[in-house]
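Report on the structure given below.
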Amino acid sequence: MKWDGNRESDNVEDRRGDGGGGGGGGGFGFGGRSVGIGTIAVALLASYFFGINPMTVISLLSGGGGGGITPTQQAPVKGPPANDAATRFVRVVLADTEDVWTARFRAEGGNYVKPKLVLFSGRTSTRCGQGESATGPFYCPADQKIYIDLSFYQLMRERFKVEGEFAQAYVIAHEVGHHVQNLMGISAKVDTARRSANQTRANALSVRMELQADCFAGVWAFHANEARAILERGDVETALNAASAIGDDALQRQAQGQVIPDSFTHGTSAQRVRWFKRGIATGLVTDCDTFKARQL
């Protein structure tokens, strides 16, 4: 992937080395409730095996409905991020998503609000609750920030055997896709629908959200390559490998030797690959309407 020398975003907040973003004590407060270590352990297992955000599981197990999490105190904003290659890469990829989505929104008469990207180590406070490295990269709509512990890229290499910078860029672009959904009002509609649905239906809606974010990542790649020729030979394959490796069926088969479709929250490997390919093939946001698709 060609990225060195491209514009770097100023919207990166570096919390690495800040002591974990708070915490202490034997539990965390969600929605006015104290959550014990046992609940957190269940949540982290759900994240590891099924790709479910631990904060969602914690909210549900503590009596919440997946929303209404009481904001926690934000970690203090640190100085400028480090200037190592990994950090510069993140800033360049984020800047590239900013350029693409600013242009896409402007073309439709809208205004793209740029998200912040937070680099952290271990854990950090967010307005969606306590963020953990075990969650993997995630987006918090309450503060419009993307959170990533860069050790996730090492996990991609060691556990999923996924190499390549474009695969890493795909991860960021997917989370930016969730921000786009938030700005478009899609997230709020889905959250409302999930609250009144049974677990199977709620999971199915989550799958469509995740696949649309994959498609939006493809839309970014199409326009970024058209404008700046970022793709090199083999780059698309690395992103497809990443999408395939983190499909619900692949993760469940690896973790427990069987697949439980009703518990899917992100989509199968084939589905994730299909929707990313759809976005990168056309670059059209309108081609990413997973909610109207009869077949995913």
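A short reminder: the numbers here are calculations on the coordinates, not readings from a lab. Computed from a prediction, not measured in an experiment: that's the story for all the values here. All Cβ positions, glycine included, derive from the backbone under ideal geometry; neighbour counts span all protein chains shown.
Tabulated values for the structure
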read-out	value
Greater than 26 Å apart at Cα, pairs in 2/189; 114/161; 145/189; 2/114	2/189; 114/161
For residue 118, residues with placed amide H under 5 Å, excluding near neighbours	13, 146, 147, 148
Where only C-alpha atoms are counted, convex hull volume of region 154-229 per residue in Å³	100 Å³
Between region 105-122 and region 211-243, the alpha-carbon center distance in angstrom	18 Å
Förster radius 41 Å - calculated FRET efficiency between residue 83 and residue 291, Cβ distance, rounded to 0.05	0.50
